[in-house]
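The values are calculated or read from the model by the stated rules, or taken from the named source; none is laboratory data. Values in this document were obtained by computation on a predicted structure and should not be read as measured data. Methodologically, a virtual Cβ is constructed for each residue, glycine included, from the backbone with ideal geometry; neighbour enumeration extends over all protein chains shown.
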Amino acid sequence: ETLKNSPMMKTIYRNIKLITICISAFIIVCSVDIVFDNFLTTDNNIKLAGAGIVDRTIKYWGNIILALILLIAVFKALRSLKKEKQTKILKDLAIVPIYLVAMFVVMIVFDFAFVRPNRFDKEKKYIEANIYSTKKAYAIDCNIETIDYSGTITADEVQENKSILDSTVIVDKNIVLRYLNENQTGTGYYTYKTAKLSSYNIDGEKKPVYVTPREIVNNKRTYNSKTYEYTHGYGLVFTDATNYTEEGKVQYIQNDISGKDAKIAINKPQIYYGLETNGIVITNANGKKEFDYSDGKQEYETTYEGNSGLSLGFIDRLILGLKQKNINIAFSGANSKNSKVLINRNVIKRAKMALPDVVYDNEPYTVVDKQGNIYWVIDAYTISSSYPYSTYTEIQYDNQKRGINYIRNSIKVITNAYTGEMKFYITDRTDAIAMAYRKVYPALFEDIDAQIPEEIKEQFVYPELLYRVQSGLLEEYHNTKADVLYRSDDTWEKSTYKNSQSNNKTKNTREAYYTLVNVDNDEKMGLIQFYSQKGKQSINSYLIGTIDQGENKLHLRTFKSDTSILGPTQLDAQITLDEEIQKQIDSLNVTGAKVTKEMIVVPVGNTIIYIEPIYQTLINESNLPVLKKVIVASGNKLTIGNNLQEALEQLISQSAVSIDVNTTEDLYGILDSIIKANGNLSESLKSNNWELMGSDIQKLQELINSLERQLEEEKKEKNNTTNETSNNTIVDGNVVE
């Protein structure tokens, strides 16, 4: 009795009550987490995030009641413990597991008896909430434009869209980097890791070019040379993205390191901060001059004049040397009071140190301002996995997969390649996460009304990481109707393409690429991705990502459902059927040579053109791809030329080859859709869902109409073929009309 009434026992009882109250409060707070769970799996195995009817009706209130029952059970058990009623204690606590089992049974029964017989009707408003939130979370609520496909491009259309066709990007980024690292390394001084497309004014004409920073190679140098001499990269290389040389090689617009061929003025070409600048360098050292560049005849030197860098005394250099495991930093006789130690020079790691809580694009790119200064542009993304009712996806970052259901490219980091000065700009004020970071780090961000310089803003391109996420989500979420998503009636997939001239039958997804496109009557550099209906190869739509006044914009264009447009894989099959074209390609595939290709599909007005550069690589010689032929197709016409201009001229001439664009895929695809629509109608009839019945009947009628049109087209073609045959007569073994 003394122990029961002791202060220690009273403290234990009080603590148990407090812990129970906290646990109950935690259960109540966590009950709202149901909006982050998956409540439904569609026919296409897409898990819809959010709280469904079972969660909102049973699970949510059940958890709140559980918290109250837990509280009552523990308090009653403590009271029984005081009265030494051991049997009563067990009975009091047994209420909790009994309730959990009962709640689970109720959820199962409710789902089977009330929800499953008419699941869509019961879950409809929650599916609509998922569609709305997913589009909001990923910024994919873009305008959809329906295009009336005009078929084969005409001579007038070629003339009207001359600037687009002349600016079509046919040079592959990887080929540019191969040429640069093979021919422009400057006797081992430099390396080229990134080439980004941008539009620059070249000789009074806006032209797509690849911009590549020339960065220093330091990994095999001695301590003194990489710390005091080879401290920086030098300048940018500008490569034509639309044309090759007459020999089929990469064409440089500006590549002379001394600047003799300069078309774009660069005032400070030295790159002290970049992607390959990972080590510490010391400038203005005693008896040391920094290597600037060599023109093949003479080596030029420079001295760093920037404001960045640390002026350190011996003790500070010693501490830094110990941290870097390199005591030469402290004891080298080259150091003086005028020396500056440049640290944290990798632009991505530098940005992470300033703001570690966001995701940084691993492919920053360089731009040039009016004063000729080089800047790095780093796209930063705010992400979350706690956006209510938004469907989850994955991104790859820092060699790890991360599940997210929200992403925004709301922050741009502009870093001076010479001084290392960083400026953080918020480009999307609607992003609550970015605005919260601004309040947490007010000194880090530029003023909310501060504008990125216009000449830098004009060189922005749509970020690829964001586009990959958005284009993937739009495979399902392009259609905003709840019943369509629920039944996966309108699922897309990215177009496929076999991109090598081998016997391998594997087809790869044709990933998005940059090219010049016409958007809102303005020519812009855009990322483009073509789609096909799932299980088919014909193109049915495409997504364009462009920059408008520094902001990301998506434009989704769809072709009418009864339009037959060859996909890249289908066109590739047509090319192999043409003996003349295949003969020209096979002539390149000689011993010691490798033939490669890459198809580009470009929107031009209300039609599209296919461009397939054919490269030959002499493995035992230069090992660099050389453009040999270009195949161009549009509608039902196909041709081949030595370059793009020649192929386009032939495409609108009589020499173009006619190809078959009507595939059996269209007919069988419609039949499969009719069968599925009929099955959906049967389900609607069983569940007495009148709303779905009306939708299913309308869908069935549309499909039957499409089938009738397809059959009529095939009948016309057969009649035309029969008439042509009947008009021919055989005389002495020769066919005459």
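In region 174-199, how many residues are of a type in the set (Phe, Trp, Tyr) and at pLDDT below 90?
Selection size over region 174-199: 2.
Out of everything in region 189-210 that is in a strand (DSSP E or B) and hydrophobic (A, V, I, L, M, F, W, C), what residue ends up being surrounded by the fewest Cβ atoms within 10 Å (Cβ to Cβ)?
Among them, the one singled out is 202.
Would you pick out the residues in region 136-173 that are surrounded by fewer than 20 Cβ atoms within 10 Å (Cβ to Cβ), within 22 Å of residue 540 (Cα to Cα), of a type outside the set (A, V, I, L, M) and touching a residue at least 40 places away in the same chain (Cβ under 8 Å)?
142, 143, 145, 146, 148, 149, 150, 151, 152, 154, 157
Scan region 71-86 residue by residue and report those that are over 60 Å from the mean Cα position of the chain (by Cα) and small (Gly, Ala, Ser).
Passing the criteria: only 80.
Would you say residue 643 is touching an Asp or Glu at 6+ places or on another chain (Cβ under 9 Å), closer than 30 Å to residue 178 by Cα, touching a residue at least 60 places away in the same chain (Cβ under 8 Å) and in the same structural domain as residue 557 (by TED's automatic domain parsing)?
yes
Sort through 432, 417 and tell me the only one that's among the small types (Gly, Ala, Ser) and surrounded by 17 or more Cβ atoms within 10 Å (Cβ to Cβ). Show your work before the answer.
Numbers: 432 fails: surrounded by 17 or more Cβ atoms within 10 Å (Cβ to Cβ).
Of the residues listed, the single one that is among the small types (Gly, Ala, Ser) and surrounded by 17 or more Cβ atoms within 10 Å (Cβ to Cβ) is 417.
Give the number of residues within region 174-188 that are in a loop (DSSP other than H, G, I, E, B) and surrounded by 15 or more Cβ atoms within 10 Å (Cβ to Cβ).
Matching residues across region 174-188 total 2.
If a residue counts only when it is crowded, with 21+ Cβ neighbours inside 10 Å, under 31 Å from the mean Cα position of the chain (by Cα) and at pLDDT 90 or above, which strands (runs of 3 or more DSSP E) contained entirely in region 590-641 have at least 2 such residues?
600-604, 607-618, 625-634
When the residues of region 103-116 are narrowed to those that are within 40 Å of the chain's Cα centre (by Cα) and under 21 Å from residue 682 (Cβ atoms), which ends up surrounded by the fewest Cβ atoms within 10 Å (Cβ to Cβ)?
For region 103-116, the residue satisfying everything is 116.
Scan (1) of a type in the set (S, T, N, Q); (2) crowded, with 19+ Cβ neighbours inside 10 Å; (3) out of contact with any Asp or Glu (no Cβ under 9 Å at 6 or more places or on another chain) for the single condition residue 582 breaks and write down its number.
Every condition holds for residue 582 apart from (2).
Answer with yes or no whether residue 485 is more than 20 Å from the chain's Cα centre (by Cα), at negative phi and buried (at least 22 other Cβ atoms within 10 Å of the Cβ). Break it down stepwise before answering.
On the way: more than 20 Å from the chain's Cα centre (by Cα): yes; at negative phi: yes; buried (at least 22 other Cβ atoms within 10 Å of the Cβ): yes.
Considered against the rule, which asks whether it is more than 20 Å from the chain's Cα centre (by Cα), at negative phi and buried (at least 22 other Cβ atoms within 10 Å of the Cβ), residue 485 comes out as yes.
Determine which single condition residue 258 fails, assuming it passes every other condition in (1) in a loop (DSSP other than H, G, I, E, B); (2) hydroxyl-bearing (Ser, Thr, Tyr); (3) surrounded by 17 or more Cβ atoms within 10 Å (Cβ to Cβ); (4) modelled with pLDDT under 85.
Result: residue 258 fails condition (3) only.
Of everything in region 29-55, what is surrounded by 16 or more Cβ atoms within 10 Å (Cβ to Cβ) and assigned to a helix (DSSP H, G or I)? Give them in sequence order.
Passing the criteria: 31, 34, 35, 36, 53, 54, 55.
Going by the conditions given, is residue 89 surrounded by 13 or more Cβ atoms within 10 Å (Cβ to Cβ), aliphatic (A, V, I, L, M) and in contact with a Gly (Cβ under 9 Å, 6 or more places away or on another chain)?
Spelling it out, it is not the case that residue 89 is surrounded by 13 or more Cβ atoms within 10 Å (Cβ to Cβ), aliphatic (A, V, I, L, M) and in contact with a Gly (Cβ under 9 Å, 6 or more places away or on another chain).
Quick check, is residue 304 touching a Lys or Arg at 6+ places or on another chain (Cβ under 8 Å) and closer than 27 Å to residue 399 by Cα?
So residue 304 does not fit the description; no.
Whether any residue in region 274-296 is over 19 Å from residue 308 (Cβ atoms) and modelled with pLDDT of 85 or more is what I want to check.
Checked against the condition, which is being over 19 Å from residue 308 (Cβ atoms) and modelled with pLDDT of 85 or more, region 274-296 yields at least one hit.
For the structure I just gave you, tell me whether residue 170 is of a type outside the set (Asp, Glu), part of a helix (DSSP H, G or I) and within 26 Å of the chain's Cα centre (by Cα).
no
Out of the residues in region 549-577 that are among the charged types (D, E, K, R) and outside any loop (DSSP other than H, G, I, E, B), which is nearest to the chain's Cα centre (by Cα)?
Narrowing region 549-577 to residues among the charged types (D, E, K, R): 551, 553, 557, 560, 562, 572.
Going one step further and asking which of them are outside any loop (DSSP other than H, G, I, E, B), we end up with 551, 553, 557, 572.
Details: 551: 16, 553: 13, 557: 18, 572: 25 Å.
Within region 549-577, the match that is nearest to the chain's Cα centre (by Cα) is 553.
In this structure, does residue 274 turn out to be surrounded by 13 or more Cβ atoms within 10 Å (Cβ to Cβ) and at positive phi? Outline the logic, then answer.
Working: surrounded by 13 or more Cβ atoms within 10 Å (Cβ to Cβ): yes; at positive phi: no.
For residue 274, the condition - surrounded by 13 or more Cβ atoms within 10 Å (Cβ to Cβ) and at positive phi - is not met.
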